[in-house]
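Here's the structure, in structure tokens; my notes come after.
The values are calculated or read from the model by the stated rules, or taken from the named source; none is laboratory data. This is a predicted model, so every value here is computed, not measured. All Cβ positions, even for glycine, are placed from backbone atoms using ideal geometry, and neighbour counts span all protein chains on display. What goes into the accessible areas is simple: the full protein's heavy atoms, side chains included, and nothing from ligands, DNA or RNA. Shrake-Rupley method; radii C 1.70, N 1.55, O 1.52, S 1.80 Å.
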Amino acid sequence: MNPPFDQTVVAPSLLAGDFSRLGAEARRVEAAGADWLHLDVMDGHFVDNISFGPAVVAAMKKAVSIPLDVHLMISRPDHYLARFIEAGARSISVHLEAKHEVAATLRATREAGCLAGLAINPGTPLSAALAHLPNIDLLLVMTVNPGFGGQEFIASTMDKVAAAARLRAENGWSYHIEVDGGIKEDTARISREKGANVMVAGTSVFKAGDVAAAIRELRSSPRQT
Ligand code: DX5
Ligand code: ZN
């Protein structure tokens, strides 16, 4: 398998949408050109916020036809994994820092026919994830500390993106590199230049006046000269 990593995927995060009308919000970004819909699941333990669970994921599966990219910011992703697979997730990212047997969770995700993602916090070195890199479909490099939308991009995370892209090429591994947090036109460009190809964006898409233009900019923002 050699997915086209040079093709940018834009995945708006529904966390920044209007929670009183989630289906309409998901359809709004789908119609504007979103490639995937990013769904941030938070349990109030792994992060200091509570968002939504499998029922909302299942509802979004009915609302849109683009792939659902589920990001589990929960303490026990192994315990809840099957419910998110059942809900219709196309990819599921679990945190390296959560309390579970990471390799087993990734394997179970793939065995269920889902893309297996591994997420790492800004403070976690790439070396801590190294053993899993041959066995994942997606590496989610957090560019903010997880928990809340609207935070500022942490530029030092870009070294990990570059290293992950280099290791992938050197070893013939195969994973998307996804960035999440504070992604807007300029930080998307930096991330793409370092080797990321999946752009998660909440605020910069949902709060944009022209959502289609915002998505286009994340895909190919002009280089600043
Ligand atoms: C942060 C979430 C992100 C967040 C991104 O914990 O994982 O997906 O919604 O939001 P923005 O784009 O507003 O930083
Ligand atoms: Zn996320």
Completion exercise
Of the range 132-161, those with amide N under 20 Å from the point 7 Å along the Cα→Cβ vector of Arg110 are 132-141
Completion exercise
Counting only protein heavy atoms and leaving out ligands, DNA and RNA, the solvent-accessible surface of Tyr80 at a 1.4 Å probe, in Å² to the nearest 10, equals 90 Å²
Exercise for the section: At 1.4 Å probe size, with no ligands or nucleic acids counted, give the accessible surface of Arg83 in Å², nearest ten. Expected result: 120 Å²
Exercise for the section: Using 0.36 nm per residue of separation minus the Cα-Cα distance, give me the extension gain between Ser174 and Ser127 in nm, one decimal. Expected result: 15.2 nm
Practice task
Quick one: order Lys61, Lys194 from most to least accessible surface, probe 1.4 Å.
Solution key: Lys61, Lys194
Exercise for the section: May I ask you to compute the full-extension gain from Arg219 to Glu193, defined as 0.36 nm times their residue separation minus their alpha-carbon distance, rounded to one decimal in nm? Expected result: 8.2 nm
Practice task
Would you kindly derive the ³J(HN,Hα) couplings of the range 41-53 from the backbone phi angles with the Karplus curve 6.51 cos²θ - 1.76 cosθ + 1.60 (θ = phi - 60°), listing them in order in whole Hz, with x for Gly and Pro?
Solution key: 9, 10, 10, x, 10, 5, 10, 8, 7, 10, 10, 7, x
Handout entry: Considering only the range 9-220, percent of DSSP beta bridges that pair antiparallel, nearest 5
Key = 5 percent
Completion exercise
Residue separation between Lys207 and Asp6 times 0.36 nm, minus their alpha-carbon distance, gives in nm 69.7 nm
Practice task
At a Cα cut-off below 17 Å, give the aspartates and glutamates reachable from Lys61, other chains included and same-chain residues fewer than 8 away excluded.
Solution key: Glu25, Glu30, Asp35, Asp40, Asp69, Glu86
Completion exercise
Computed for the chain: size of charge dipole around the Cα centre, +1 on C-beta of each Lys and Arg, -1 on C-beta of each Asp and Glu, debye to nearest 20, value 300 debye
Practice task
From the P(r) of the range 9-220, can you give the percent of Cα pairs sitting at distances over 33 Å?
Solution key: 6 percent
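For Lys184, Lys99, give me the order by solvent-accessible area with a 1.4 Å probe, most accessible first, ignoring ligands, DNA and RNA.
Working: Lys184 100, Lys99 150 Å².
Ranked list, largest accessible area first: Lys99, Lys184.
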Practice task
For Lys207, go through the lysines and keep the ones whose alpha-carbon is under 17 Å away, minus same-chain ones fewer than eight residues off.
Solution key: Lys184
Completion exercise
Expected max-MSF residue from Gly88, Gly123, Gly17 in the GNM of the chain (alpha carbon, under 10 Å) is Gly123
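Which is the longest part of the chain that has none of the GluC sites (Glu not before Pro) sitting in a DSSP loop with at most 10 other Cβ atoms within 10 Å? Don't jump to the answer; show the numbers that get you there.
Numbers: sites that count: Glu101, Glu152.
Of all site-free stretches, the longest is 1-100.
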Fill in the blank from the handout: the chain accessible area per residue, 1.4 Å probe, protein heavy atoms, integer Å², reads 43 Å²
Fill in the blank from the handout: Non-local residues with an amide H under 5 Å from the amide H of Val9, with H modelled 1.01 Å from N and Pro and chain starts lacking one, are Val198, Met199
Handout entry: Arg90-Ala103 pseudo-label distance in nm [points 7 Å out on the Cα-to-Cβ vector]
Key = 3.0 nm
